[in-house]
Amino acid sequence: MNSSTSSVPVSFESPQAIARYQRVGLVVGVIGSMASVIGLIVDRSQFFHSYLIAFMFVISVPIGSLGLLMLQYVTGGAWGLVIRRILEAATRVLPLIFIFVLPLAIGLKNIYSWTDPTLVKASASLTAKAPYLNIPFFYIRVVIYFAIWYLLTSLLNKWSAEQDKQTNPLWTNKLIRLSGPGLLLFVATVTFASFDWMMSLDPEWYSTIYGLVVMVGQVISALSFVVVMIVILMRFEPMRSVILRSHLRDLGKLLFAFVMLWAYFEFSQFLIIWAGNLPDEIPWYLSRTLGGWQVVGILLIVAHFALPFLLLLSREVKSKGRSLIWIASLLLIMRLVDLYWNIEPAFHRSHFFVSWMDIALPVALGGLSFTWFCWQLQKRPLMPINDPEFAQALLPTDHFH
C-alpha cells in the first residue's frame with residue numbers, strides 16, 4: 001500500500017477462494033453427518049451425549065461473534081473494523097444453529113437426569129428446582145434465547161447494510177445505541193443458556209461464576225475463528241492490501257486478554273469450590289480430576305492457557321499471521337476439549353471415556369456451519385467503507401508490504 005488510503009481496493013468482494021472453502025466445508029459436513037447417523041443407530045445415548053458437545057462447540061462462534069460485534073461498536077477501534085464482516089457473517093449462521101437445536105430437543109431425556117420424574121421425586125434438591133428444570137419450560141427458554149439473539153443479529157446486520165449504502169451517521173449511531181443494552185441481554189441469555197444446556201447436566205451442582213466461564217469460552221472460540229479467517233483472507237486481494245501488522249497485533253492482544261480472563265474465571269471457580277469442600281459442590285470437580293480425567297484437565301492448563309499465554313506475550317508473534325493462525329487453531333481445538341471435559345464426565349464419572357462420535361459430530365456440525373458461514377461472507381463487501389472510522393483504521397503505519 002502507498003502512504004494514502006487511495007490505494008485501498010475500490011471493490012471489497014470476497015475472493016473466489018471462499019467459494020472453494022465453502023465446498024470443502026460442505027463435503028466435510030456431509031461425510032461427518034453420514035458417520036453421525038451410523039452412530040445414532042449403533043448407540044443412541046452416546047450419540048446425544050456427543051451431540052451436546054458438538055452443539056455447544058458450533059454455537060460458540062456465532063454467539064461469541066455477536067458479543068464481539070456489539071463490544072466493538074461500544075468501544076470502537078480498528079481491530080473491529082477489519083473483522084466486522086467476518087463477525088456479521090458468523091452471526092448469520094444462527095438460523096442453522098437453531099435447526100441444530102431440534103435433535104437436542106428430541107434427545108433431551110437421553111441427556112438430562114432431571115427429565116426423569118422418578119429421580120426428581122427421590123431428590124429434595126431436584127424437587128425444589130422442578131419449577132425451572134422441566135421439559136416445557138426448557139423449550140420455552142430455548143425459543144426466548146434464540147429470539148433475542150436473532151433480533152440483535154438482524155438489527156445489527158440490517159443497519160450495517162444501510163450504513164454501506166450511505167454516509168449518514170444515523171445508522172452508525174443506531175448500531176452504537178443498540179450495542180450497549182444488547183450486551184446486557186447477551187450476558188443474561190448466555191448465562192442462563194449455559195445453566196440450562198451444561199450446568200444442569202449435574203442438576204444438584206451449581207456455580208454462580210459458571211455462566212461467565214462459558215461466555216468467555218465462547219468469545220475465545222469466536223475470536224480464534226476470526227483470526228484464522230482474517231489470516232486466510234489476507235492471502236488474497238482485497239484484504240492483502242488492507243490488513244496491517246497493527247491489526248494483527250490488536251487481535252493478538254485481544255486474544256491474550258480473553259485467554260487470561262478465561263483462566264482467571266476457571267481458577268476462581270475451582271479455588272472457591274475446592275476450598276469450600278461442600279458435599280453438593282465438590283463432586284463436580286472430583287469426577288473431573290480422577291479416573292484419567294485429570295489428564296484432560298492438565299492438557300487444558302497447558303494448551304488452553306500456559307502455551308498461548310507465553311506465545312502471545314511476544315509482540316513479534318502477535319504481528320505475524322503465520323504464527324497467529326497456529327495459536328488460534330490450537331485454541332479452537334482446546335475449546336472443543338474444554339467442552340468435552342465439562343460435558344462427558346457427567347455421563348462417565350468413574351473413568352476416562354472418549355467416543356469416536358465426540359469427534360465425528362463436531363466435524364459434521366462444524367463443516368455444515370462453516371459452509372453456511374462462507375455462503376454468508378460472500379453476500380457483502382469485506383469492509384464497511386462508510387464507517388466513520390474507516391479511513392483512520394487503514395492508515396498505513398505498519399504494513400506487510
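The values are calculated or read from the model by the stated rules, or taken from the named source; none is laboratory data. Only a predicted model underlies this, so the values are computations on that prediction, with no experimental measurement involved. Here the Cβ is made from the backbone with ideal geometry for all residues, glycine too, and neighbour counts use every protein chain on show. Each accessible area value is taken on the protein alone, full model and side chains, heavy atoms only, with ligands, DNA and RNA left out. Shrake-Rupley method; radii C 1.70, N 1.55, O 1.52, S 1.80 Å.
Quick notes
- When we screen Leu133, Leu126, Leu71 for residues that are part of a loop (DSSP other than H, G, I, E, B), in contact (Cβ under 8 Å) with a residue 60 or more places away in the chain and open to solvent by 10 Å² or more (accessible area, probe 1.4 Å), the only hit is Leu133.
- Residue in the stretch 112-126 that is within 23 Å of Arg44 (Cα to Cα) and small (Gly, Ala, Ser) present: yes
- Test result for Glu266, open to solvent by 60 Å² or more (accessible area, probe 1.4 Å) and at negative phi: no
- Note on the stretch 235-250: residues that are touching a Phe, Trp or Tyr at 6+ places or on another chain (Cβ under 6 Å) and either at pLDDT 95 or above or surrounded by fewer than 18 Cβ atoms within 10 Å (Cβ to Cβ) (or both) total 0.
- A Cβ distance below 7 Å, combined with a sequence gap of six or more or placement on separate chains, defines the contacts here; from the stretch 24-35, residues that are over 13 Å from Ala360 (Cα atoms) reach residues that are open to solvent by 40 Å² or more (accessible area, probe 1.4 Å) in the pairs Gly25/Phe370.
- For Asn277, the conditions (1) polar (S, T, N, Q); (2) modelled with pLDDT of 95 or more; (3) open to solvent by 30 Å² or more (accessible area, probe 1.4 Å) are fulfilled apart from (2).
- Any hit, the stretch 178-188, residues being open to solvent by less than 10 Å² (accessible area, probe 1.4 Å), within 30 Å of Gly321 (Cβ to Cβ) and among the small types (Gly, Ala, Ser): yes
- Residue list for the stretch 114-161, filter: at pLDDT below 95, under 25 Å from Gly67 (Cα atoms) and of a type in the set (A, V, I, L, M): Ala161
- Scanning the stretch 258-294 for residues that are among the hydroxyl-bearing types (Ser, Thr, Tyr) and part of a helix (DSSP H, G or I) turns up Tyr264, Ser268, Tyr285.
- Matching option when the condition is open to solvent by 60 Å² or more (accessible area, probe 1.4 Å), in a helix (DSSP H, G or I) and in contact with a Ser or Thr (Cβ under 6 Å, 6 or more places away or on another chain), among Leu119, Leu170: Leu119
- Arg288 under 23 Å from Phe195 (Cα atoms) and open to solvent by 40 Å² or more (accessible area, probe 1.4 Å): no
- Test: residue in the stretch 175-190 that is at pLDDT below 90 and among the β-branched types (Val, Ile, Thr): no
- Among the conditions (1) among the charged types (D, E, K, R); (2) surrounded by fewer than 20 Cβ atoms within 10 Å (Cβ to Cβ); (3) over 21 Å from Val214 (Cβ atoms), the only one that Arg141 does not satisfy is (3).
- Test: Ile111 is open to solvent by less than 70 Å² (accessible area, probe 1.4 Å), modelled with pLDDT of 95 or more, hydrophobic (A, V, I, L, M, F, W, C) and within 30 Å of Trp372 (Cβ to Cβ): yes
- Selection count where residues are more than 14 Å from Val354 (Cα to Cα) and buried (at least 21 other Cβ atoms within 10 Å of the Cβ), scope the stretch 33-51: 1
- Total residues in the stretch 295-352, condition part of a helix (DSSP H, G or I), modelled with pLDDT under 95 and open to solvent by 40 Å² or more (accessible area, probe 1.4 Å): 3
- Condition check for Gln218: under 30 Å from Leu81 (Cβ atoms), touching a residue at least 40 places away in the same chain (Cβ under 8 Å) and not charged (D, E, K, R): yes
- For Gly77, the conditions (1) out of contact with any Cys (no Cβ under 7 Å at 6 or more places or on another chain); (2) at negative phi; (3) open to solvent by 20 Å² or more (accessible area, probe 1.4 Å); (4) touching a residue at least 40 places away in the same chain (Cβ under 8 Å) all hold with the exception of (2).
- The stretch 188-203, residues that are touching a residue at least 60 places away in the same chain (Cβ under 8 Å) and of a type outside the set (S, T, N, Q): Val190, Trp197, Met198, Leu201, Asp202, Pro203
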